[in-house]
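Q: Structure in structure tokens, see below.
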Amino acid sequence: MFDNLCTYVHNIVMKNLSKKQIIFFEKLKQIYNKKALASYDKIKEIFNYKSKNSIKQYIEILKANNLIIKEDNNLYINPDYLGASLVFSSVKAGFASVMDDKIEKRISFDEILNVNSPSTFVFKVSGDSMIEAGILDGDYIVIKKTPTANIGDIVLAVVDSEFTLKTYKKDSKGIYLEPQNSNYPIIRPKFSLNIFGVAIGNVRKIS
């Protein structure tokens, strides 16, 4: 499987690199990601290479192919090569079809969901009260912290001192929280209801 991945990346993204150079680059990405690269000596130690010169040669080749860039006297992975590959076509969930689209860019879910923002939090979902909204037990829900919400938003709220993830609703009796599972009753606060934040994304690991 890794051989197939290397071949795919080699053909689509880094045509000028050998298989060994691609593996070296992928290891750099895993270890350093957005951080500045360490010294050649440190990389040699981490990668268990015998020669610092080999590290230097690899780095120079990656620089020549714009996979590594220099900023403020430090070396970084080019952010264009971080994140998953975004293919500009929809994926059909019905009959299979040949995907002939090219990879257009690299995307990072950190950037899409603004996970690096101090006002963004990720919580692990427990329970099945939101399954009809596609939020399952064990999912990771991304919450943007805000004290207000619009009717219909999925919110993380503090109801009578307890956290819960529900849909923010209102009727003639006032504000209430609605589960997205018909087996659960709506929640009306006895004493207080405060919005911690609004859901902006849901992440699930398939296997």
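The values are calculated or read from the model by the stated rules, or taken from the named source; none is laboratory data. Only a predicted model underlies this, so the values are computations on that prediction, with no experimental measurement involved. Note that each Cβ is placed from the backbone with ideal geometry, even for glycine, and that neighbours are counted across all protein chains shown.
Q: Within the set of pairs 6 or more residues apart or between chains, which connect a residue that is farther than 14 Å from GLN21 by Cβ and without any contact (Cβ under 8 Å) to a residue 40 or more places away in the chain inside segment 65-76 to a residue that is surrounded by 11 or more Cβ atoms within 10 Å (Cβ to Cβ) and of a type outside the set (Gly, Ala, Ser) with Cβ atoms less than 6 Å apart?
A: So the pair list comes out as ILE69/TYR76; ILE69/ASN78; LEU75/LEU37; LEU75/ILE68.
Q: For residues in segment 1-58 being loosely packed, with under 13 Cβ neighbours inside 10 Å and acidic (Asp, Glu), which is modelled with the lowest pLDDT?
A: Among them, the one singled out is ASP3.
Q: Ok, one more. Name the residue that is farthest from THR120 (Cα to Cα), counting only residues in segment 162-207 that are of a type in the set (Ser, Thr, Tyr) and in a strand (DSSP E or B).
A: Quick first cut of segment 162-207, residues of a type in the set (Ser, Thr, Tyr) only: 164, 167-168, 172, 176, 182, 184, 192, 207.
From the residues that got through so far, the ones that are in a strand (DSSP E or B) too are 164, 167-168, 176.
Details: THR164: 17, THR167: 19, TYR168: 19, TYR176: 24 Å.
Per the stated criteria, the residue is TYR176.
Q: Of everything in segment 136-161 that's over 17 Å from THR120 (Cβ atoms) and touching a Lys or Arg at 6+ places or on another chain (Cβ under 6 Å), which residue is surrounded by the fewest Cβ atoms within 10 Å (Cβ to Cβ)?
A: Result: ILE151.
Q: Anything in segment 136-161 that is in a loop (DSSP other than H, G, I, E, B) and farther than 13 Å from GLU178 by Cβ? List them, or say none.
A: Residues of segment 136-161 in a loop (DSSP other than H, G, I, E, B): 136-139, 146-153, 160-161.
Once the filter is applied, which keeps residues that are in a loop (DSSP other than H, G, I, E, B) and farther than 13 Å from GLU178 by Cβ, segment 136-161 yields LEU136, ASP137, GLY138, ASP139, THR146, PRO147, THR148, ASN150, ASP160, SER161.
Q: Which residue, of LYS29, LYS20, is more than 23 Å from the chain's Cα centre (by Cα) and at negative phi?
A: LYS20
Q: Output the residue which, of all residues in segment 104-135 that are part of a loop (DSSP other than H, G, I, E, B) and loosely packed, with under 13 Cβ neighbours inside 10 Å, is modelled with the lowest pLDDT.
A: Only one residue tops the list, namely ASN116.
Q: A further question follows. If the Cβ limit is 6 Å and pairs must be 6+ apart or interchain, which residue in segment 134-161 that is farther than 20 Å from ASP110 by Cα pairs with which residue that is assigned to a loop (DSSP other than H, G, I, E, B) and of a type in the set (Asp, Glu)?
A: Hits for this filter: ASP137/ASP128.
Q: Residue by residue through segment 16-59, note down the ones that are of a type in the set (Lys, Arg) and in a helix (DSSP H, G or I).
A: Listed by number, the residues that qualify are LYS19, LYS20, LYS27, LYS29, LYS42, LYS44, LYS52, LYS56.
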